[in-house]
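For reference, the structure is listed below as C-alpha cells.
The values are calculated or read from the model by the stated rules, or taken from the named source; none is laboratory data. Model, not experiment: these values are computed from the prediction. Glycine also receives a Cβ, built like all others from the backbone with ideal geometry; neighbour counts cover every protein chain displayed.
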Amino acid sequence: MKLKTTLHSLLLVCGALLLLNFYPAPLEKSEVTPAAPELSGKITFSGAYALYPMVVRWGEEFRKLHPKVQFDIQGGGAGKGMTDVLSGTVHLGMVSRDISPEEQAKGAYGVAVCKDAVIITINASNPFLPIIQQKGVTKSKLYELFITGNVTTWGQLLGEKNAKPIKLFTRSDACGASESLAKYLGNYKQEDLNGTGVFADPGVAQAVAKDPLALGYNNINFVYDVKTRKPNPGLVPCPIDVNGNGTLDANEKNYATLDAIDDAIRTGAYPSPPARQLFLVSKGKPNNPLVVAFLQWVLTEGQKYVDESGYVNLPEEQLKKQAAALSPKP
C-alpha cells in the first residue's frame with residue numbers, strides 16, 4: 001500500500017512538471033517588446049548638386065537597414081529643389097543655401113544636415129599657377145571679376161603685367177553655389193555674377209578643366225575626388241588670400257586635400273560664406289513616418305558617413321535639437 005502511494009505521488013509531481021513545460025508562466029507586460037514595423041515605401045528628392053552625393057550615400061546605407069525603402073534622387077540645382085518641394089512634387093528638396101523668409105512663409109521647413117563650401121577653381125595647366133599658389137586671390141579682386149567686371153585679365157587679377165584674358169564661367173541653373181559666392185562678395189544674388197553660364201556643377205568643372213585660362217567655381221565634391229582626397233584631374237582649387245595681405249599665409253594654405261579644406265571649414269579658417277550649411281527641406285514639418293524616420297537617422301547614425309563622403313559635420317547639439325523637433329508630440 002505504501003509503495004502504491006509513493007508511486008502515485010511521483011506521478012503527480014512528474015505530471016505537474018510536464019504541465020509547467022507546456023504552459024510556461026506568462027511574462028510580465030514590461031518584458032514584452034513589440035517588434036517595430038518594417039519601413040517600406042519611396043522617398044523622392046530633387047535639388048542641389050552640392051548635397052546630391054551625400055544623399056545618394058545616405059540612401060545606400062539606409063537601404064541596407066531597410067531593404068523595402070526606395071529612393072528617387074534627382075539633381076537640378078537648389079532652386080529646382082525648393083520649387084519641387086513647395087509644389088508637392090517631391091518629399092524633400094536638397095538646398096545648398098539659406099532658406100529665405102518668403103520660402104518659409106510658403107511652408108519651407110529646413111533641416112540642416114551637414115556643411116560644405118564653394119571653391120574657386122582654375123585649370124591645372126594655368127600658366128600663372130605658381131604665382132596663384134603663392135599669392136592667392138583676394139576677395140576684392142574676385143569682386144571686381146565677378147561683380148563689377150573691372151578685372152578681365154590674369155594680369156589684373158594677380159597684379160602682374162599680362163593681358164591674357166580670363167575665361168570666366170558661372171552657373172546657368174538656379175543654385176546655392178552661385179548664391180553663396182554672390183553673398184560672400186557683398187550680399188549679391190546669382191544674377192549679379194559675371195561669366196559664361198554653364199548648367200550644373202559637372203558642366204562648370206568640365207568647362208574649367210578644358211581651358212588653361214578658365215576660372216569658375218564648384219561645390220567641394222566636384223573639385224576633389226572623395227576616394228583619393230585630391231583635386232580631380234584638370235582642376236586646381238584657387239586659394240583665397242583671406243586677409244588680403246598679398247600672400248598666402250600658413251593658415252590660408254588649406255587646399256592640397258579634401259581633408260585639409262574640410263578642416264579649414266570646420267575651424268572657420270575658410271570663410272563662411274562661401275562655406276555654408278546644406279538643408280533637406282520639406283513642405284511644412286514632415287509628418288510622413290518614413291520621411292521622419294529617414295531624417296532622424298540622418299541626424300544621428302547617418303552622421304558617421306559625412307566626413308568620409310567629403311562633407312563637414314554640424315555641431316552635435318544642433319543635430320540633437322533638430323532630431324528632437326521632428327519627433328511627434330505625445
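A few remarks follow.
- Of note, Tyr255 does not satisfy the criterion of being within 18 Å of the chain's Cα centre (by Cα) and either surrounded by 14 or more Cβ atoms within 10 Å (Cβ to Cβ) or under 28 Å from Leu193 (Cα atoms) (or both).
- Residues being in contact with a Leu (Cβ under 8 Å, 6 or more places away or on another chain) and not aliphatic (A, V, I, L, M) - total across segment 298-312: 4
- Annotation note: of Thr228, Thr196, the sole residue that is within 18 Å of Ile261 (Cα to Cα) and polar (S, T, N, Q) is Thr228.
- Of the residues examined, Thr44 is not one that is out of contact with any Gly (no Cβ under 7 Å at 6 or more places or on another chain) and assigned to a loop (DSSP other than H, G, I, E, B).
- Yes/no for Lys285 being over 30 Å from Gln156 (Cβ atoms) and loosely packed, with under 12 Cβ neighbours inside 10 Å: no
- Against the numbered list (1) in the same structural domain as Gln133 (by TED's automatic domain parsing); (2) surrounded by 14 or more Cβ atoms within 10 Å (Cβ to Cβ); (3) over 24 Å from Leu86 (Cβ atoms); (4) under 19 Å from the mean Cα position of the chain (by Cα), Gly310 comes up short only at (1).
- Take the conditions (1) in a helix (DSSP H, G or I); (2) surrounded by fewer than 24 Cβ atoms within 10 Å (Cβ to Cβ); (3) not assigned by TED's automatic domain parsing to the domain that holds Thr267; Thr89 misses just one of them, which is (1).
- Within segment 205-220, the set of residues being farther than 20 Å from Glu160 by Cα and surrounded by fewer than 22 Cβ atoms within 10 Å (Cβ to Cβ) comprises Gln206, Ala207, Ala209, Lys210, Asp211.
- Residue tally, condition surrounded by 14 or more Cβ atoms within 10 Å (Cβ to Cβ), not in a helix (DSSP H, G or I) and not aliphatic (A, V, I, L, M), over segment 94-105: 3
- Boolean, Lys161 is surrounded by 17 or more Cβ atoms within 10 Å (Cβ to Cβ) and among the basic types (Lys, Arg): no
- Among all residues of segment 177-190, there is none that is on the phi > 0 side of the Ramachandran plot, buried (at least 19 other Cβ atoms within 10 Å of the Cβ) and touching a strand residue (DSSP E or B) at 6+ places or on another chain (Cβ under 8 Å).
- Strands (runs of 3 or more DSSP E) contained entirely in segment 200-307, each with at least 3 residues that are under 22 Å from Lys115 (Cβ atoms) and without any contact (Cβ under 8 Å) to a residue 40 or more places away in the chain: none
- Test: residue in segment 129-150 that is part of a loop (DSSP other than H, G, I, E, B), buried (at least 16 other Cβ atoms within 10 Å of the Cβ), outside the structural domain of Asn288 (by TED's automatic domain parsing) and acidic (Asp, Glu): no
- Summed over segment 57-86, the residues that are part of a helix (DSSP H, G or I) and touching a Leu at 6+ places or on another chain (Cβ under 7 Å) give a count of 1.
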